[in-house]
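A short worksheet on the structure shown next.
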Amino acid sequence: MPGEKISLIPNSIDAALLDRASTPADVRAELGLGRGGFWVGAVSSLVDYEGHDLILEAVAILRRQGIDARALIAGDGAARPELLQQASELGDAAHLPGRVPPDLAKRYVEALDVVVVARRDLEVTRSVTPLKPIEAMALGRPVVVSDLPPLRELVGNDERGFIVAPDSAPAVSEALTMLASDDSRRASLAAAGKQFAASLTWDTVAAEYRRVYDELRAAD
């Protein structure tokens, strides 16, 4: 089929996310997590291919380096028991609240200084684009993602996020170490990510659907 006859409809988000403005420390205080520390993590289903164990391992590495890193991983799933056991080694530097309602899930994302999407290198993660990093960008949070085709497409070449080798806690920790000490880099990634997310709202997707259907009607 000729390329001009193909329209791509990407994952999209509620534009209202773009209007939410908050600082991670303020949200953490609201949630009772404490204002201090460098908080990283994710809000998603807790399954093996998401690589949440790499986040916990990376936080442990940062803490051994003297960085007050904390992990927040919200959600539920088959991997949660093993993650809880691993998190116990971090004590109160790890918080796994379990399944939370949708709006509270957004608040947990806003509580993070950096959102980490540490997906493992598998067939499914190479073919499916997750929505969570787009929501994180819309909420103004910088992202660290595994170097997989769908995630690289979302963040560009380190323009809208930090790309790291998949299946590697040291790679995640190296990226987080750099971001922990570079407020301006975190701010620039967050701003670029929010601008990109603004092009992926339900309204923009609906407009593309309308254009396609209008062309089909005109061709009849």
From the list VAL109, VAL124, VAL100, which one is crowded, with 24+ Cβ neighbours inside 10 Å and touching a residue at least 24 places away in the same chain (Cβ under 8 Å)? VAL109
How many residues of segment 50-105 are within 20 Å of the chain's Cα centre (by Cα) and in a helix (DSSP H, G or I)? The answer is 19
How about segment 118-159: which of its residues are touching a Pro at 6+ places or on another chain (Cβ under 9 Å), part of a loop (DSSP other than H, G, I, E, B) and at pLDDT below 95? VAL128, THR129, PRO130
How many of the residues in segment 16-43 are touching a strand residue (DSSP E or B) at 6+ places or on another chain (Cβ under 8 Å), more than 19 Å from SER173 (Cβ to Cβ) and not in a helix (DSSP H, G or I)? 2
The one condition VAL205 fails out of (1) in a helix (DSSP H, G or I); (2) modelled with pLDDT of 85 or more; (3) in contact with a Pro (Cβ under 9 Å, 6 or more places away or on another chain) is (2)
Evaluate the following for SER88: is it hydroxyl-bearing (Ser, Thr, Tyr) and surrounded by fewer than 18 Cβ atoms within 10 Å (Cβ to Cβ)? yes
Determine if segment 29-36 includes at least one residue that is at pLDDT 95 or above and under 19 Å from LYS194 (Cβ atoms). no
Reported set for segment 162-191 where residues are in contact with a Pro (Cβ under 9 Å, 6 or more places away or on another chain) and in a helix (DSSP H, G or I) is LEU179, ARG185, ARG186, ALA187, SER188, LEU189, ALA190
Regarding ASP220, is this residue modelled with pLDDT of 95 or more, surrounded by fewer than 17 Cβ atoms within 10 Å (Cβ to Cβ) and more than 16 Å from the chain's Cα centre (by Cα)? no
Among the listed residues ARG99, ARG64, ARG126, identify the single one that is farther than 21 Å from ALA198 by Cα and touching a Leu at 6+ places or on another chain (Cβ under 8 Å). ARG126
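The values are calculated or read from the model by the stated rules, or taken from the named source; none is laboratory data. Everything quoted here is computed from the prediction, not taken from an experiment. Reconstructed Cβ throughout: ideal geometry from the backbone, glycine too, with neighbour counts over all protein chains shown.
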